[in-house]
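Heads up: the structure comes next, in structure tokens.
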Amino acid sequence: MAFEPAVTGTWHAARSGRDIAAELFVIDEDQAAVRDTQTGAILARGTRASLVVSRRVGSVPRRIGFPDNSVFVSRDNDGVDRLLADAIGHGSRWLVEVERFRPRLVVLVAAVALLAVGVYRFAVPLLVEAAVLATPEIVPELMSKGVLASLDETAFSQSTLSEQRRAGITTGFFELAALAPRGAARFDLQFRSGGSIGPNAFALPDGTIVITDELVSLAGSDDDLILGVLGHEIGHVEHDHSLRQLYRAAGVVGLIMVIGGDVGSGVQDLLVQGSALLALSYSRRQERDADRYSVEIMARAGRDPAAIARFFELMRARFGDAGDSAILTTHPATGERIEETRRYAAEIAQDGAAVLSD
């Protein structure tokens, strides 16, 4: 007679409240029985088909009813399933698997995911626009000072361009800035030796635009090329691209923290520390808008509207589309972008010619 494997529990005789420590075991393929764990005496037996096995619900103890109305109770749910798998029945086992799967939890996770997508897709952009409109002037100034101070400490050094060269570029820059809606007073041009950053130019939220000596040297005597790049950066400032990217990043961080249950410190750090701007890059749409702005403002200033496209061609020839230069991180010189900018410059030139002919 094979008494193993066994499942431990308690046995209750019919119409009795007494608990007896017992073990449930199988006698053969057809029968199961309960024995007293102390004396080994058989307390109840029955065919497996005659047993009434309660359905598994989490960690709730299982009840196995015998033909004599006695009941064996055990918390070893896995043991009961293993021992009486055929007695439980296919339908019950299916219900157990469904309960383990926890469909309500899946529905909840799906709902949270859909809500997160909806907030990211619709609510975050609206909140970004509201935040940009409500931002006091002091906030972009503090952010910009933080970024420039960080770069001056880690990457930049003092410009080595001649005073005459810097003065010529500065004059052309303010001629462009004067044509911007916010006026020349909003902008400031800073020269730096780029060091590891190399040839680059970038705009900060308060209107400070930084250009490196390496970019000026790369352009040579082509002042329109340099001014085309600076016009592009003026466009980023006029469209508040830096602030929008920063607030969007803060919104995504906040959304993650709401789901994760920790709100406040992460968003605060992102907004307060100006160095966070260093980790952000403009979207394709923002870069395209800045390209078009450069074309428009250069045309209004009587300069070559396609200068920014010429700059991208120079950068592609120098570094390639997949170059490691930092300039390609913020100004990707793709062929499609060059063609689009040249096409738009041609349209601007044709419109200007039509106006003059009229």
Across the range 184-225, the tally of residues that are assigned to a loop (DSSP other than H, G, I, E, B) and either touching a Lys or Arg at 6+ places or on another chain (Cβ under 7 Å) or charged (D, E, K, R) (or both) stands at 3
Of the residues in the range 7-42, how many are touching a residue at least 40 places away in the same chain (Cβ under 8 Å) and touching a strand residue (DSSP E or B) at 6+ places or on another chain (Cβ under 7 Å)?
11
Mind checking which pairs have a first residue in the range 144-159 that is within 23 Å of His236 (Cα to Cα) and a second that is among the basic types (Lys, Arg), Cβ under 6 Å, 6 or more apart or different chains?
Phe156/Arg192
Identify, please: which residue in the range 1-36 is touching a Phe, Trp or Tyr at 6+ places or on another chain (Cβ under 6 Å) and in a loop (DSSP other than H, G, I, E, B) and is, among those, least open to solvent (accessible area, probe 1.4 Å)?
Ala6
Anything in the range 42-92 that is modelled with pLDDT under 90, surrounded by fewer than 14 Cβ atoms within 10 Å (Cβ to Cβ) and of a type in the set (D, E, K, R)? List them, or say none.
Asp78, Arg82, Asp86
If I filter the range 137-169 down to residues being part of a loop (DSSP other than H, G, I, E, B) and open to solvent by 70 Å² or more (accessible area, probe 1.4 Å), which single residue comes out as modelled with the highest pLDDT?
Thr160
Being within 59 Å of the chain's Cα centre (by Cα), at pLDDT 90 or above and surrounded by fewer than 16 Cβ atoms within 10 Å (Cβ to Cβ): is that true of Thr39 here?
no
Being modelled with pLDDT of 50 or more, under 24 Å from the mean Cα position of the chain (by Cα) and assigned to a loop (DSSP other than H, G, I, E, B) narrows it down to one of Ser242, Ser281, so name that one.
Ser281
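Would you call Asp28 at pLDDT below 90, out of contact with any helix residue (DSSP H, G or I) (no Cβ under 8 Å at 6 or more places or on another chain) and of a type in the set (Asp, Glu)? Give the steps one after another, and end with the answer.
Values: at pLDDT below 90: yes; out of contact with any helix residue (DSSP H, G or I) (no Cβ under 8 Å at 6 or more places or on another chain): yes; of a type in the set (Asp, Glu): yes.
So Asp28 fits the description; yes.
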Would you mind telling me which numbered condition in (1) farther than 28 Å from Arg316 by Cβ; (2) free of Cβ contacts under 8 Å to residues at least 12 places away in the same chain; (3) over 34 Å from the mean Cα position of the chain (by Cα); (4) open to solvent by 40 Å² or more (accessible area, probe 1.4 Å) Gly183 fails?
(4)
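The values are calculated or read from the model by the stated rules, or taken from the named source; none is laboratory data. Since we're looking at a predicted model, the values are computed, not measured. FYI the Cβ positions are ideal-geometry reconstructions off the backbone, even for glycines, and counts take in every protein chain you see. Keep in mind that these areas ignore ligands, DNA and RNA; they rest on the heavy atoms of the full protein, side chains included. Shrake-Rupley method; radii C 1.70, N 1.55, O 1.52, S 1.80 Å.
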